[in-house]
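Beneath this line is the structure, given in structure tokens, with notes to follow.
The values are calculated or read from the model by the stated rules, or taken from the named source; none is laboratory data. All values reported here derive from a predicted model rather than from experimental measurement. Cβ atoms come from the backbone with ideal geometry, glycine included; neighbour counts cover every protein chain shown.
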Amino acid sequence: MWLKSKLHEDPKLDLYRGLYGKAVSFDFDFSYHKPSNEWKHTRSLLLDHLNHEVDLVNFLFGIQGFDAWKLQDGFDHYEVVGKRDDGMVFHFRGTRRLAAHTYPEWCRYNFVTYELFVAELGKGATRNGERIHVSERPLDQAYISVETDLRTPRSIKAYTTIRERCIVVSTISCGYEYGLIAQGKLEGRVCFDPFGCDWDYGPGSLLVTEAGGRVTNIGSTTYGHCNHNFIAANVPVHRELSRQDSELAGYW
């Protein structure tokens, strides 16, 4: 939590080392969504996520060898402690929200652009501590990101139809694009037959919603993160793309 609160003030970790000295410990507590795949109903948390947490520590503080000890490894909770060769100790905990279908909060830090995005259900969205909001541009002036499998005729037709109505862009990073939508730099993101997983789309959908946008599954008025066919956009674009009498309705 200390690192999360300090990043938006100045993202250069060298500054903190100068002010507070060398980091001696790293403690993170994670919360995960309800599992979508059957095999993840058993010992999946540690298997799925420990490598990401180790990568994060290596990215922030440099690559080091380490020893780690498993304290708990279950389907709804895991806990690991360890010590790196440089003396830093780490403690990771993860808990699965068994009945959750939404993400109550979302935090994403872009180490390249020094941007920290935070969204909490019902409390809005911020970038580096300042409120952000989606744009109000209509579809014919919009920049839209589309993620789909262009090996199928249905996807090709839908993609082509969207390109005829607006400008299609792609960064190959859904997390980065959610941040652009929430700031009003892109107008929306459309996914149908995409390639990602629940955790790729669910958190960013909360960010867009809390920034004033709308997110619904295609052909529905609600959103569930386990359904990866969805529209996340500002209000005018979402209204146009989700109309049942639109050109796209036949492809959904």
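Details
- You will find that of V208, V237, the residue that is in contact with a Phe, Trp or Tyr (Cβ under 7 Å, 6 or more places away or on another chain), outside any loop (DSSP other than H, G, I, E, B) and modelled with pLDDT of 95 or more is V208 and no other.
- Being of a type in the set (D, E, K, R) and under 17 Å from the mean Cα position of the chain (by Cα) is a property that E164 lacks.
- Selection status of L60, at negative phi, part of a helix (DSSP H, G or I) and at pLDDT below 85: yes
Results for (1) in contact with a strand residue (DSSP E or B) (Cβ under 6 Å, 6 or more places away or on another chain); (2) surrounded by fewer than 18 Cβ atoms within 10 Å (Cβ to Cβ); (3) of a type in the set (D, E, K, R); (4) assigned by TED's automatic domain parsing to the domain that holds V146, shown as yes or no for each residue.
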residue	(1), (2), (3), (4)
E177	yes, no, yes, yes
R189	yes, no, yes, yes
D193	yes, yes, yes, yes
G196	no, yes, no, yes
W199	no, yes, no, yes
L206	yes, no, no, yes
R214	no, no, yes, yes
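- Looking at V118, V112, just one residue is within 30 Å of L186 (Cα to Cα), within 18 Å of the chain's Cα centre (by Cα) and modelled with pLDDT of 85 or more, and that residue is V118.
- Residue under evaluation E105, criteria (1) out of contact with any Asp or Glu (no Cβ under 6 Å at 6 or more places or on another chain); (2) modelled with pLDDT under 75, criterion not met: (1)
- Pairs with Cβ under 7 Å, 6+ apart, first in segment 43-54 and over 9 Å from D73 (Cβ atoms), second at pLDDT below 80: S44/P35; S44/F75; H49/F30; H49/G94; E53/F28
- Residue pairs whose Cβ atoms lie under 9 Å apart, sitting 6 or more positions apart in sequence or on different chains, and linking a residue in segment 137-157 that is in contact (Cβ under 8 Å) with a residue 40 or more places away in the chain to a partner that is loosely packed, with under 15 Cβ neighbours inside 10 Å and aromatic (F, W, Y), are E147/F195; T148/F195; D149/F195.
- Subset of segment 161-186 (residues that are over 15 Å from A232 (Cα atoms) and in contact with a Phe, Trp or Tyr (Cβ under 6 Å, 6 or more places away or on another chain)): I167
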